[in-house]
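Working notes for the structure below.
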Amino acid sequence: TDQFARLFETKTLRLLYAFNSERPLNSAAISPLPHCPYLIAGGGQDAMSVTTTAAQQGKFETLFFDHAFGEELGCIGGHFGPVNTLAFAPHGRSYASGGEDGYIRIHHLDQEYFEAYEKKVTESGILAADKA
């Protein structure tokens, strides 16, 4: 594993974005909703070193990236060890994370999450012609 979440165009395998997470990554998932162009990624400090590190220092959060604008949006914590697997629900309104701590967590996303991209598009003026 390395510290990058890479997004490729599937037909040509052209690299679209490489998001540096500044932590080892174990898993990533893409939102199934076209109006929420987000990628989530998770990992954290090597499990062998977890017992000597506080959860906050181990960087065990799930990171959110906007792959339309190429930005890191934020993170959601919850695990006390590296995040090993991530998956969006088919309806896109929640995601599951599984960690080295032995827990599977279901995260329900706030309404603000679903409105953020449209708000950003409106504020930036980008893609205005595409929406017409």
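I'd like to know if region 114-123 contains one or more residues that are touching a Leu at 6+ places or on another chain (Cβ under 9 Å), more than 23 Å from Y17 (Cβ to Cβ) and outside any strand (DSSP E or B).
no
If we keep just the residues of region 1-22 that are open to solvent by 60 Å² or more (accessible area, probe 1.4 Å) and assigned to a strand (DSSP E or B), which is nearest to L73 (Cα to Cα)?
So the residue we want is N20.
For region 59-74, which residues satisfy the criterion of being touching a Ser or Thr at 6+ places or on another chain (Cβ under 9 Å), part of a strand (DSSP E or B) and open to solvent by 10 Å² or more (accessible area, probe 1.4 Å)?
Passing the criteria: only E72.
Please specify each residue of region 91-107 satisfying the condition of being under 16 Å from the mean Cα position of the chain (by Cα) and either charged (D, E, K, R) or in a loop (DSSP other than H, G, I, E, B) (or both).
G92, R93, R105
The values are calculated or read from the model by the stated rules, or taken from the named source; none is laboratory data. Since the structure is predicted, the reported quantities are computational estimates derived from the model, not experimental observations. Cβ sites come from the backbone with ideal geometry, for glycine too, and all protein chains shown count toward neighbours. What goes into the accessible areas is simple: the full protein's heavy atoms, side chains included, and nothing from ligands, DNA or RNA. Shrake-Rupley method; radii C 1.70, N 1.55, O 1.52, S 1.80 Å.
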